[in-house]
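The values are calculated or read from the model by the stated rules, or taken from the named source; none is laboratory data. Since we're looking at a predicted model, the values are computed, not measured. We place every Cβ from the backbone using ideal geometry, glycine too, and count neighbours over all the protein chains shown. Only protein heavy atoms, including side chains, enter the accessible area calculation; ligands, DNA and RNA are left aside. Shrake-Rupley method; radii C 1.70, N 1.55, O 1.52, S 1.80 Å.
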Amino acid sequence: ISDKYEADDYMESIIKENLTSKYYCFDKNYNLWTAIPGDALTLNKYSMKVSTGSYSTDPDLTKPLSGITSLSDMCYDCVNSYIYLLVSGDASVGVYAVSTGSEPAIVASTQIGISTLENAGTFTNIAVNGNDFYFADSSCKVYKATGTVTSGSIVIETPTFVNNLASSDILEGYDSSKYDGTYDSISITDLQFGDGLGYGTENVYALVKETSDGLGSTHPDYFYSRGAL
């Protein structure tokens, strides 16, 4: 048992060391992919070493993706083995499908207009499982669309509204003994299918965080944060 815990601690430390960016996902072979914005978005792959049950300490693969300099979210589609990148804008969002073979490359992309979506905020999260595309915005609203990668482009229908998690009762009364005021900031911090690999699941999961203001002039940096799945 002690050997197992030591191995788990080692794997956790390697993952933390590699996560220099908040953008990451795992593929169906449990390899860790990270993306770092810059002059060109840099995609890194850290392989799961089956023989040792641990991750490589240095990237096995590093690939600049020219044409993309910023990023809002990334996810892995287990059905089609693509990494999807979400790049948000005020009037539209860019969606890019990236192959995950030995030479990762952008194989398709599209722009989705969001100005026609009623009261939609900036898109912050994406989750893809085959032809099912889910998006979450900065106001905690979730949208769904059907999409297909074909001939270098992604054909995505206009997203339709699914649910507003900020207005649901998911957090109502939760941990209410801690704070009597109002929580003023709510966001979806993650959106993904099933256990993150999408096998045999029809469910999409959202991780929601709600945070309070600083508590007055005496403790301006003291706040409460709560969440729900």
Quiz item: Exactly one of (1) at pLDDT below 70; (2) open to solvent by 90 Å² or more (accessible area, probe 1.4 Å); (3) under 17 Å from the mean Cα position of the chain (by Cα) is unmet by G198. Its number?
Solution: (2)
Exercise. Kindly establish whether D27 is open to solvent by 80 Å² or more (accessible area, probe 1.4 Å), of a type in the set (D, E, K, R) and either touching a Gly at 6+ places or on another chain (Cβ under 8 Å) or at pLDDT below 95 (or both).
Key: no
Quiz item: Which one of the conditions (1) out of contact with any Pro (no Cβ under 7 Å at 6 or more places or on another chain); (2) under 13 Å from L43 (Cβ atoms); (3) of a type outside the set (D, E, K, R) does N80 fail to meet, given that it meets all the rest?
Solution: (2)
Self-check item: Residues of the range 120-140 that turn out to be of a type outside the set (S, T, Y), within 15 Å of K209 (Cβ to Cβ) and without any contact (Cβ under 8 Å) to a residue 60 or more places away in the chain, as a count
Solution: 1
Quiz prompt | Filter result for G121 (in a strand (DSSP E or B), open to solvent by less than 20 Å² (accessible area, probe 1.4 Å) and farther than 19 Å from W33 by Cα) | solution = no
Practice problem: Hey, can you tell me all the residues within the range 62-80 that are open to solvent by 30 Å² or more (accessible area, probe 1.4 Å) and over 19 Å from D190 (Cα atoms)? | Solution: T62, K63, P64, S66, G67, T69, V79, N80
